[in-house]
1. Determine, for Val366, Val317, the number of other Cβ atoms within 10 Å of each Cβ, and report the residues in order from fewest to most.
2. Using the count of nearby Cβ atoms within 10 Å as a rough guide to exposure, how do Val314, Val290, Val124 rank from fewest to most?
3. Provide the per-residue ³J(HN,Hα) series for region 289-294, in order, calculated from phi with Karplus coefficients 6.51, -1.76, 1.60 and θ = phi - 60°, each as a whole number of Hz, with x at glycine and proline positions.
4. What does the charge count near Glu305 come to, summing +1 for each Lys or Arg and -1 for each Asp or Glu among other residues with Cβ under 14 Å from its Cβ?
5. Scan around Val179 for amide H atoms under 5 Å from its own, H built in the peptide plane at 1.01 Å from N, and keep only partners 5 or more places away or cross-chain.
6. What is the dipole size for region 110-400, taken about its Cα centre, with +1 at each Lys and Arg Cβ and -1 at each Asp and Glu Cβ, in debye to the nearest 20?
7. At a 10 angstrom cut-off on C-beta neighbours, averaged per residue, how do the peptides 217-223, 146-152, 278-284 rank from highest to lowest?
8. Tell me the net charge near Ile235. Cut-off is 11 Å between Cβ atoms, Ile235 excluded, with +1 for each Lys or Arg and -1 for each Asp or Glu.
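Derivation of every value follows stated rules applied to the coordinates shown; laboratory data play no part. What you see is a predicted model, and the numbers here were worked out from it, not measured in a lab. Don't worry about glycine lacking a Cβ; one is built from the backbone with ideal geometry, like all the others, and counts go over all protein chains shown.
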Amino acid sequence: MAGRCLQPKPCTACLSSDRGYPWHCSSPGLRLPQTSFPQPIPVSLLPDLRVEGALNPSVQPGPNLDIFLWGFSSKKPGNLFPCRRGSNVSLMLDMSSLGSVEPIQPICTPRDITLKFLRTSSHVLTLEELQQQAQSLTQLQEEFSKIPPNFVSPEELEIPGRASKDRYKTILPNPESRVCLRRAGNQEENSYINANYITGYAGQPREYIATQGPMLNTVTDFWEMVWQEETPLIIMITKLQERKEKCVHYWPEKEGTYGRFTIHVQGVSDCVEYVIRDLSIQLEGECRQVKHILFPSWPDQQTPESAKPLLHLVSKVEETLQAAARPGPIIVHCSAGIGRTGCFIATRIGCQQLKDKGEVDILGIVCHLRIDRGGMIQTSEQYQFLHHTLALYASQLLEAGGH
């Protein structure tokens with residue numbers, strides 16, 4: 001359904017879809033947020049006139065209010081504004097001619113509503129309840145469909161040269177939590193990398209970094225981030241190729257130079273489910289040790305056949321971190337940095353909740369992940385698999401007498 005721009009002269013980019021009015025106006029300040037509108041909000045202007053709409057956020061309160069209106073009605077016959085619900089019009093109301101009216105109440109923007117949902121949603125499950133919930137696929141699909149993705153529009157990241165560093169045009173780092181590279185000169189374009197800090201278990205800040213699979217022109221940026229954040233562990237949950245490129249080969253076979261850094265592969269351990277590499281990263285006179293775990297058996301936007309390998313990976317990560325010399329965040333990436341990456345992080349947080357409390361809030365975990373990076377956990381199948389994996393872990397705890 002075509003929308004109506006709030007400018008006197010609408011631009012050709014002002015369009016809306018029939019699934020929530022995502023606006024794309026090219027004039028900053030005159031467009032509505034690029035997300036779904038909330039439920040219509042009634043605004044009473046006169047005793048006999050009821051308006052449903054949203055204020056134009058670009059206009060300050062005053063005698064005239066520009067309102068995006070999608071429904072209004074009159075209690076009295078002879079309505080001067082014949083309009084059926086669902087119609088889109090933009091109008092200017094002269095408030096000074098209405099006499100005494102109710103005070104205008106502030107209206108939340110769609111982004112405010114999204115963040116409130118993500119911050120407050122919760123569905124705590126005991127170990128027994130988790131076993132039942134994991135089998136309720138329809139219910140899980142419905143629950144997942146209600147979680148706002150919290151994606152970012154390109155207009156929120158007006159950084160020179162940014163687009164050439166994004167593997168996917170629509171998967172962008174949320175500005176509030178994005179990683180900024182601190183380089184000499186501190187130019188904005190040199191600080192950009194498609195990566196976000198992710199809050200961990202019990203609100204631990206910056207416990208993870210979720211990022212996309214490096215590209216040819218971002219490999220150096222990736223290693224800059226590893227060094228800057230003092231990362232002890234990199235987890236790669238993708239193959240290099242899955243029909244098309246998902247990630248470039250960003251580490252050397254034995255030794256290689258990437259920008260300022262010299263990287264040596266000191267050892268390789270081939271396990272059944274993953275490959276572990278011991279890397280040393282050298283910059284000038286300083287050398288650091290980093291573990292790299294490649295978990296290649298998880299297909300893009302799908303789920304593994306078994307949850308056991310993922311739980312084995314979580315266990316290996318715990319073992320690796322106990323021996324780590326540096327406390328920096330774990331870097332996790334797949335291809336886009338939201339699907340498989342989100343599943344791994346959510347699984348580890350869920351395991352920690354189950355072990356410590358004997359219960360888990362999977363809905364709350366996913367919602368908080370999406371606050372930090374939009375779209376974490378891409379599909380309802382991944383959401384179901386997350387429940388299945390944690391249900392398996394819960395059964396292991398019960399067998400071991402943990403709770």
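1. Neighbour counts put them in this order, fewest first: Val317, Val366.
2. Numbers: Val314 18, Val290 23, Val124 14.
Lowest count first: Val124, Val314, Val290.
3. Residue by residue, region 289-294 yields 9, 9, 8, 10, 10, 9 Hz.
4. Values: positive: Lys308; negative: Glu273, Glu381.
So the environment of Glu305 carries a net charge of -1.
5. Residues meeting the amide H criterion: Ala195, Asn196, Tyr197.
6. Values: 30 positive and 36 negative charges, 75 e Å.
Once rounded to the nearest 20, the dipole reads 360 debye.
7. 217-223, 146-152, 278-284
8. Residues close to Ile235 contribute a combined charge of +4.
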